[in-house]
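Peer 1: For reference, the structure I am asking about is given below.
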């Protein structure tokens with residue numbers, strides 16, 4: 001111990017002088033010593049060189065400075081916890097994931113480590129408070145009876161509860177033992193900041209393994225909450241694994257096997273994601289169960305399955321198609337979706353300069369005055385198709401509501417090619433130009449080409465269900481490759497950064513985008529740079545359904561993203577069922593001042609009515625939480641009324657499995673614990689380094705502390721420095737001989 | 001200039017060309033159906049029945065189409081046969097003198113396929129029971145299970161662009177010269193008939209005991225009554241707009 005104390009001591013302390021000597025006196029002594037040394041060297045050592053005299057003088061003066069510094073009594077000042085006046089919180093994760101373990105369970109190991117930690121802190125005479133941690137924290141007197149029973153874990157919520165409960169006492173630190181599995185998905189950056197604001201360091205100790213090559217884990221299943229009957233659902237499934245291999249993924253609707261696909265687990269990644277096409281055969285609320293076959297030596301099978309609920313329900317979507325001139329595409333597009341009960345196409349065709357022809361009308365008055373001029377009229381549709389018609393054909397007001405239709409209503413806008421469409425129609429210079437996914441050429445350039453050309457899938461397009469003409473990726477690509485040429489195409493200009501090209505057209509001058517899309521506000525915009533897919537219908541045998549399939553799926557894709565005027569969602573988080581209903585008026589403005597409530601029913605029959613309350617800061621949004629939600633399927637019907645008149649109704653369903661979350665991720669998450677300790681000024685400790693905890697807690701900045709001064713003048717380094725200075729002078733004099 | 005134009009059109013029709021290779025210059029090209037007569041293949045001879053009224057009929061009619069609608073229609077006339085794949089690039093075809101046509105089994109198959117895919121056939125300028133029988137026999141082979149029916153007045157085809165409740169027999173020019181409304185002694189009255197698909201859409205529009213082609217062809221002839229020409233234009237335009245919307 002050259003410096004007498006450890007580096008950590010110097011790091012957390014402050015070097016101060018505790019002597020009573022006046023600074024002026026010390027400076028005077030130093031000055032006198034400097035003069036005396038100089039005089040002696042000048043008078044006694046006339047034979048020596050100047051450099052030699054200066055060197056010897058500096059070494060002698062150094063000795064004087066060291067001695068003077070020691071006279072001022074240097075000391076290390078550190079803040080340490082005041083013995084017997086502080087509290088320490090010991091927190092043990094008792095969620096169900098802590099029951100795992102090789103031999104002893106994670107909980108047993110955690111209990112041992114906290115006991116060891118408490119023992120090492122005995123000298124500080126701390127008041128020990130103990131908490132069990134799961135969805136929230138519970139104060140206990142001992143961990144002896146603690147069982148891994150928590151069905152959910154929220155590290156942030158639990159630690160906030162600990163800090164809140166211990167706020168009245170002088171809490172010096174928190175010691176947390178956990179596997180880091182947080183079923184609430186946190187702690188988030190905001191939660192870490194909030195925890196850090198308490199100023200109490202949280203020291204963490206991880207238990208459990210973060211790599212389990214013998215285990216597969218179905219970590220995520222994304223399925224649309226609703227779908228139309230007869231449509232193909234695309235599910236994204238993620239499998240966590242720590243070793244390469246193969247497995248098989250299965251999807252059931254009740255007892256009916258819908259999908260059984262082999263999956264190769266990626267050798268260079270620990271998560272493999274696959275896309276599954278599911279074709280439910282039944283309608284209504286369907287519980288889809290996903291499972292992966294276990295590995296040969298896999299023990300925990302509960303994380304190999306996940307269930308979700310989706311609603312296969314007929315719903316009518318309304319599409320408005322405005323076409324500026326009679327075209328084959330108009331006719332064949334209408335025919336392609338004529339048998340689709342869910343898609344209702346209302347069209348307005350400019351037959352002559354003074355006459356529009358309306359089709360698909362729901363009332364004789366519909367579109368009587370032409371294209372809609374009010375938000376309410378246009379927003380009644382889910383998607384809008386603009387054909388071969390110039391932007392100048394619309395009034396500024398109509399263009400403005402078309403813009404709002406996409407950005408606020410969340411509708412989809414599709415622009416088709418044509419002699420008066422896209423660039424030719426001046427859309428690139430219109431007020432809607434920034435909505436569009438491409439920088440359209442100016443209208444002075446004729447970009448519409450009446451020449452046959454083949455369409456081709458792009459890699460992005462090949463991934464989209466709405467462009468799927470066959471079951472497998474290979475057969476889908478082949479199916480596209482074998483399609484007849486489209487009758488025409490139009491140049492689109494360069495794509496915008498957020499745009500994706502889903503189809504290309506192969507022209508004499510190379511490939512160019514044919515189908516492009518980009519999100520804008522709440523909605524999406526599309527450019528389909530042809531008016532000639534009708535050739536697919538006319539050139540293929542009558543029983544070939546690719547033309548019909550394309551338009552049905554494409555238009556379904558357009559309307560699927562358009563939010564309804566009234567919607568409700570139910571999300572199961574741990575044991576809470578969170579309801580969120582959104583009500584909008586005909587112009588899609590937020591509907592406030594509603595009386596909103598929900599009828600909630602569980603699959604076993606229990607049902608109740610609950611009030612939906614306005615969500616602060618979110619006009620038109622009404623929320624409610626159902627605590628202690630039972631596992632199983634939940635059906636929700638949100639209803640609103642205004643002044644006693646019905647306003648709207650929406651339905652949804654969800655599947656809750658509060659306990660499953662603890663088993664869905666059994667690998668320990670030490671990284672989360674490291675983030676937690678780093679954000680709060682604590683330390684993440686390995687199980688074999690618990691001995692360091694005593695010093696970490698002793699010098700904690702939180703709690704009640706006192707200053708301790710520890711002398712430094714007698715540190716070995718001081719004596720060594722004096723010896724070096726004097727021995728150096730002696731050696732130099734012997735060497736030079738003349739001084 | 002008109003004469004020169006007609007000469008050019010004439011040369012085009014008489015040439016043996018692969019119509020698939022002719023690029024489209026507009027959304028709509030008038031396509032006339034070529035068919036054989038009395039068991040022989042069709043030819044491009046000027047006297048062939050399928051070329052009756054060509055090219056003046058479509059030359060005049062298309063000018064009316066361009067003037068009275070927004071339809072992008074080219075002024076030329078193209079000819080297609082049922083055996084040529086180019087048939088499917090023309091979703092509307094026009095056939096005259098179908099009382100003389102002779103369709104092979106292959107042509108019958110192709111016509112059925114064409115109509116079921118969404119094609120539209122307008123037949124015109126055939127008169128009397130004998131010609132009707134020949135046409136009806138052929139169409140029964142095309143659609144054994146579909147009847148040829150009278151199109152009711154309220155059908156959309158008579159209202160899609162013009163309201164055509166007041167229709168009358170449109171005769172050929174010779175009937176005008178003779179002071180009668182029919183071309184065949186038994187060619188009265190006129191019939192507006194059609195064949196529907198399973199969705200209630202007309203696939204074949206049949207002008208029986210009438211000659212719209214002559215009304216178009218002689219639109220510039222002072223002898224031919226202007227009201228009949230105007231009616232023929234309106235009927236033809238309604239057929240086109242219907243075919244492009246249904």
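The values are calculated or read from the model by the stated rules, or taken from the named source; none is laboratory data. In this text the structure is predicted, and so the values were computed from the model without any measurement. We place every Cβ from the backbone using ideal geometry, glycine too, and count neighbours over all the protein chains shown.
Peer 1: Do the conditions hold for residue B:136, that is, is it within 17 Å of the chain's Cα centre (by Cα) and free of Cβ contacts under 8 Å to residues at least 40 places away in the same chain?
Peer 2: Yes, satisfied.
Peer 1: Which count do you get for residues in the range A:422-452 that are in a loop (DSSP other than H, G, I, E, B) and either in contact with a strand residue (DSSP E or B) (Cβ under 9 Å, 6 or more places away or on another chain) or on the phi < 0 side of the Ramachandran plot (or both)?
Peer 2: Residues flagged as in a loop (DSSP other than H, G, I, E, B) and either in contact with a strand residue (DSSP E or B) (Cβ under 9 Å, 6 or more places away or on another chain) or on the phi < 0 side of the Ramachandran plot (or both) within the range A:422-452 amount to 17.
Peer 1: Go through the range A:44-87 and give me each residue that's farther than 30 Å from residue A:118 by Cβ and in contact with a strand residue (DSSP E or B) (Cβ under 6 Å, 6 or more places away or on another chain).
Peer 2: A:72, A:74, A:75, listed by residue number.
Peer 1: Filter the range A:432-449 down to residues that are within 14 Å of chain B (Cβ to nearest Cβ) and buried (at least 18 other Cβ atoms within 10 Å of the Cβ), then give me how many there are.
Peer 2: 2
Peer 1: For the range A:587-629, enumerate the residues that are without any contact (Cβ under 8 Å) to a residue 40 or more places away in the chain and not in a strand (DSSP E or B).
Peer 2: Of everything in the range A:587-629, those that are without any contact (Cβ under 8 Å) to a residue 40 or more places away in the chain and not in a strand (DSSP E or B) turn out to be A:589, A:592, A:603, A:604, A:605, A:606, A:615, A:616, A:617, A:618, A:619, A:620.
Peer 1: Hey, another quick one. Every residue in the range A:712-723 that is surrounded by 13 or more Cβ atoms within 10 Å (Cβ to Cβ) and within 30 Å of residue A:82 (Cβ to Cβ), please.
Peer 2: A:712, A:713, A:715
Peer 1: Being touching a strand residue (DSSP E or B) at 6+ places or on another chain (Cβ under 7 Å) and either on the phi > 0 side of the Ramachandran plot or not in a strand (DSSP E or B) (or both) is the filter here; which residues of the range A:264-278 pass it?
Peer 2: A:266, A:270
Peer 1: Kindly indicate whether any position in the range B:100-111 is free of Cβ contacts under 8 Å to residues at least 60 places away in the same chain, away from every other protein chain (no Cβ under 14 Å), under 15 Å from the mean Cα position of the chain (by Cα) and surrounded by 20 or more Cβ atoms within 10 Å (Cβ to Cβ).
Peer 2: Within the range B:100-111 (the criterion being free of Cβ contacts under 8 Å to residues at least 60 places away in the same chain, away from every other protein chain (no Cβ under 14 Å), under 15 Å from the mean Cα position of the chain (by Cα) and surrounded by 20 or more Cβ atoms within 10 Å (Cβ to Cβ)), the answer is no, since none of the residues qualifies.
Peer 1: May I ask you to list the residues in the range A:690-739 that are within 30 Å of residue A:678 (Cα to Cα), outside any helix (DSSP H, G or I) and touching a helix residue (DSSP H, G or I) at 6+ places or on another chain (Cβ under 7 Å)?
Peer 2: Within the range A:690-739, A:699 is the sole residue that qualifies.
Peer 1: For the range A:453-471, does any single residue satisfy the condition of being within 14 Å of chain B (Cβ to nearest Cβ), at pLDDT 95 or above and at negative phi?
Peer 2: So far as the range A:453-471 goes, yes, one or more of its residues are within 14 Å of chain B (Cβ to nearest Cβ), at pLDDT 95 or above and at negative phi.
Peer 1: Within the range A:523-553, how many residues turn out to be in contact (Cβ under 8 Å) with a residue 12 or more places away in the chain and either within 14 Å of another protein chain (Cβ to nearest Cβ) or out of contact with any strand residue (DSSP E or B) (no Cβ under 8 Å at 6 or more places or on another chain) (or both)?
Peer 2: Of the residues in the range A:523-553, 18 are in contact (Cβ under 8 Å) with a residue 12 or more places away in the chain and either within 14 Å of another protein chain (Cβ to nearest Cβ) or out of contact with any strand residue (DSSP E or B) (no Cβ under 8 Å at 6 or more places or on another chain) (or both).
Peer 1: Are any residues in the range B:68-80 in contact with a helix residue (DSSP H, G or I) (Cβ under 7 Å, 6 or more places away or on another chain) and either farther than 16 Å from residue A:355 by Cα or more than 7 Å from chain A (Cβ to nearest Cβ) (or both), and if so, which ones?
Peer 2: Matches in the range B:68-80: B:73, B:75, B:76, B:77, B:78, B:79, B:80.
Peer 1: For residues that are more than 15 Å from residue B:70 (Cβ to Cβ) and either within 14 Å of chain B (Cβ to nearest Cβ) or touching a helix residue (DSSP H, G or I) at 6+ places or on another chain (Cβ under 6 Å) (or both), tally how many sit in the range A:422-431.
Peer 2: So the answer is 4.
Peer 1: While we're looking at this one, here's another question. Say whether the condition of being over 23 Å from residue B:242 (Cα atoms) and at pLDDT below 95 is met by at least one residue in the range B:63-76.
Peer 2: No, every residue in the range B:63-76 fails to be over 23 Å from residue B:242 (Cα atoms) and at pLDDT below 95.
Peer 1: The conditions are (1) away from chain B (no Cβ under 13 Å); (2) surrounded by fewer than 19 Cβ atoms within 10 Å (Cβ to Cβ), and residue A:492 fails exactly one of them. Which is it?
Peer 2: Among (1) away from chain B (no Cβ under 13 Å); (2) surrounded by fewer than 19 Cβ atoms within 10 Å (Cβ to Cβ), residue A:492 violates only (2).
Peer 1: While we're here: Picking from A:216, A:193, A:233, A:171, which residue would you name as being surrounded by fewer than 16 Cβ atoms within 10 Å (Cβ to Cβ) and in contact with a helix residue (DSSP H, G or I) (Cβ under 9 Å, 6 or more places away or on another chain)?
Peer 2: Every option except A:193 fails the conditions.
Peer 1: Conditions first: (1) under 15 Å from residue A:304 (Cβ atoms); (2) in a loop (DSSP other than H, G, I, E, B). Residue A:217 passes all but one, so which condition is the exception?
Peer 2: Answer for residue A:217: the failing condition is (2).
Peer 1: Scan the range A:246-260 for residues that are touching a strand residue (DSSP E or B) at 6+ places or on another chain (Cβ under 9 Å) and surrounded by fewer than 14 Cβ atoms within 10 Å (Cβ to Cβ) and jot them down.
Peer 2: A:246, A:248, A:254, A:257, A:260
Peer 1: Taking residue B:57 as meeting all but one of (1) crowded, with 23+ Cβ neighbours inside 10 Å; (2) within 14 Å of another protein chain (Cβ to nearest Cβ), write down the number of the exception.
Peer 2: (2)
Peer 1: Related question: Can you tell which of A:502, A:495, A:514 is in contact with a helix residue (DSSP H, G or I) (Cβ under 9 Å, 6 or more places away or on another chain) and at pLDDT 95 or above?
Peer 2: Matching residue, one of A:502, A:495, A:514: A:502.
Peer 1: Of all residues being more than 12 Å from every other protein chain (Cβ to nearest Cβ), outside any strand (DSSP E or B) and modelled with pLDDT of 95 or more in the range B:83-98, which is surrounded by the fewest Cβ atoms within 10 Å (Cβ to Cβ)? Just the residue, please.
Peer 2: B:97
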